Amino acid sequence: MHFAFRVHITKSIGLGHLKRLNILKKYIKQNVYWIVSGDKEIIYKNIRKSKNILFIKSIKHEAKIANELFAKGLNKVVFDIANNKFLKENLNLKIISIYKKFGYKIISYDLPNQKNLSDISIIPYDLEKRKEIKKNCINFYGSKYYLNDNLRMNKNKNKIKIKKILITIGGSDFKNIGYELAKILENENFKIKLLCGLNNIKSNLSNVETIGLVQNIDKYLKWSDIVICGEGLTKYEVIYQNKPFIMIHQFDTRSNMIKSFIKEDYCLSLGLYSKKNLKNYKRKILEYINNNDLISKHLKKQIKIFDNINVYKNKRKLINLIRK
């Protein structure tokens, strides 16, 4: 093995970083070492098929692991540790610099406007104001480099008729936003599936099926006519299925990354979640569901993100460079 994947997982951070690496693993077609930190229970539950899990206890322990793996011939590390906690404490750069000193090839998923020490930097977001591109680094910038289980987009050719709603606020909906939204819609004439993630809620809501943690949400996306999701990576999975969706924010409405996404007008945004606004959310959701013209406009705009003959080639170029 020549690859390691480095990720940090907790309930508050969620599972998006892990899912992104799992999809990359599928494309590079190699076994990897998982170098992980965070919540052990969540980690071992979600990487249970791998025997090569190394749990990091401290910065000193990280250096020891990096040294041992390099001695075994491992020479590439893919980092997906650009979370708010690590960025505030500058931990992402401290950790990456450890591997850099040993001579590893560094590949990293990065957020806009953050520093990086990588050989290959992947920033799969569209922005009005792009950061200054780092020299001596291969940069892959834009949502066209978002990797999905399928590289090609599924274009929705069905007529807009909304009867089935999927609610998924990420793998770690610790504010129970999904459940609260399902509750306000339970007496409407819809079939609803609620992906609870790590919460694993049991409820008796009518017309609502609650489902625990799932590894792949594709079949639920295909089942749905519309999706209500958070502001994380799930929104790109929905766009890949070319489905209408409503986004409600757990944390972020002000970053350049989120503002740029909202400005592109791919969906309805309900803004930052507050329990006191539930009645207003219900009104907006029902108005949107009944607005075929607006939904049609959003679906056409979604197609433009990935409806480019070069997108498939660009993603293949990214995968091939990582594998080299």
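What follows draws every value from the coordinates through simple rules; no lab data is involved. In this text, all values refer to a predicted model and were calculated from it rather than measured experimentally. Here the Cβ is made from the backbone with ideal geometry for all residues, glycine too, and neighbour counts use every protein chain on show.
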Would you pull out the residues with amide H under 5 Å of Tyr33's amide H, same chain only if 5 or more places away, H placed 1.01 Å from N? Phe3, Ala4, Phe5
Report the Cα centroid-to-centroid distance between the stretch 154-198 and the stretch 217-249 in angstrom, as an integer. 9 Å
Among the listed pairs Lys29/Lys105; Lys57/Lys193; Lys276/Lys300; Lys64/Lys324; Lys76/Lys259; Lys51/Lys202, which have their C-alpha atoms separated by more than 28 angstrom in this model? Lys57/Lys193; Lys276/Lys300; Lys76/Lys259; Lys51/Lys202
Averaged over all viewing directions, the convex hull of the alpha carbons in the stretch 164-306 casts a projected area in nm² of 8.0 nm²
State, to one decimal in nm², a quarter of the convex hull surface area for the C-alpha atoms of the stretch 177-241, i.e. the direction-averaged projected area. 4.4 nm²
Computed on alpha carbon atoms, what radius of gyration and Dmax characterise the chain, expressed in Å? 20.1, 61
Using alpha carbons only, what's the Rg to Rh ratio of the stretch 214-288 with Rh from Kirkwood? 0.96
Placed amide H near Asp225: partners under 5 Å, 5+ positions off or other chain: Lys163, Lys164, Ile165, Leu166
Dividing the helical contributions, -39500 (n - 2.57) per DSSP H run of n ≥ 4, by the residues of the chain yields a 222 nm value, nearest 500 deg cm²/dmol, of -11000 deg cm²/dmol
Can you name the helices of the chain, as whole DSSP H runs, whose Cα span along the helix axis is 15 Å or more and whose Kyte-Doolittle mean is not below -1.0? 16-28, 59-71, 91-102, 278-289, 292-306, 309-323
Taking the Cβ of each residue in Phe102, Phe190 as the centre, tally the other Cβ atoms inside 10 Å and list the residues starting with the fewest. Phe102, Phe190
